[in-house]
């Protein structure tokens, strides 16, 4: 019986991994997300990875991808370092809560709830235009707020397998009034310790294809800076429109999973 989770190392395997990485890197730099929402479905569809193995491989590939994105955003001062670490601390703890809750809650209901959340975010992006001069200041109010946001992000990541950027970027824009560029740079920094922690756990469970992760990650590094540079060039409203289109793609993916989950019951 062929192990579809670990496909043969053929020329097609490496070409697909490189192509997936190039696309994921561009999306990561442009929107401040890890790229897992692109990597996971493409590894499943194009290379026959099972969902869990694809997610583990994607998480490992996100580490170098997000690192390059952070450097690109940090060059122009578009990273809030301490807030990102607060978010990461909350996310690591929240992920443990999410995995504990996973068997206790209906995945279908959770997915539809997340779709509703994304729809609300998509609509709001057309009414709230971020200022490029807005900072993410750490105060007695924003500090605890960032920690709560990190915990919520981690819980949803544990429950739904979604990347933190999908939640953190719009939350920083809409709730904290942050510049779109700082929101993206900070989101990418937050992902690094979270992705490292998750990857260590996945390696212990042999849930990572290191060759695929290396190919995807290295390829992604070549386009992440391009994506970040494009984000700096586009008008904030245009950036919101592009991000909303990306969120529609994510919401559609989640809705399809919810429908399939209901039919499988």
Taking the range 66-91 and keeping residues more than 23 Å from residue 139 (Cβ to Cβ) and assigned to a helix (DSSP H, G or I) leaves 66, 67, 68, 69, 70, 71, 72
Residues being farther than 17 Å from residue 153 by Cβ and either in contact (Cβ under 8 Å) with a residue 40 or more places away in the chain or touching a helix residue (DSSP H, G or I) at 6+ places or on another chain (Cβ under 9 Å) (or both): count how many of those fall in the range 83-104. 0
Taking the conditions exactly as written (within 23 Å of residue 128 (Cβ to Cβ) and out of contact with any helix residue (DSSP H, G or I) (no Cβ under 6 Å at 6 or more places or on another chain)), does residue 256 satisfy them or not? no
All but one of (1) modelled with pLDDT under 90; (2) more than 25 Å from residue 64 (Cβ to Cβ) hold for residue 200; state the number of the condition that does not hold. (2)
Listed residues 8, 57, 37; which is at pLDDT below 95 and assigned to a loop (DSSP other than H, G, I, E, B)? 8
Can you confirm whether residue 108 is in a helix (DSSP H, G or I), over 14 Å from the mean Cα position of the chain (by Cα) and surrounded by 15 or more Cβ atoms within 10 Å (Cβ to Cβ)? yes
Checking residue 251 against (1) in a loop (DSSP other than H, G, I, E, B); (2) within 16 Å of the chain's Cα centre (by Cα), only one condition comes out false. Which one? (1)
Pick out the one residue from 98, 90, 77 that is modelled with pLDDT of 85 or more and either surrounded by 13 or more Cβ atoms within 10 Å (Cβ to Cβ) or under 18 Å from the mean Cα position of the chain (by Cα) (or both). 90
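The values are calculated or read from the model by the stated rules, or taken from the named source; none is laboratory data. Since the model is a prediction, treat every value here as computed from it, not as a measurement. Heads up, the Cβs are rebuilt from the backbone with ideal geometry, glycines too, and the neighbour counts pull from every protein chain shown.
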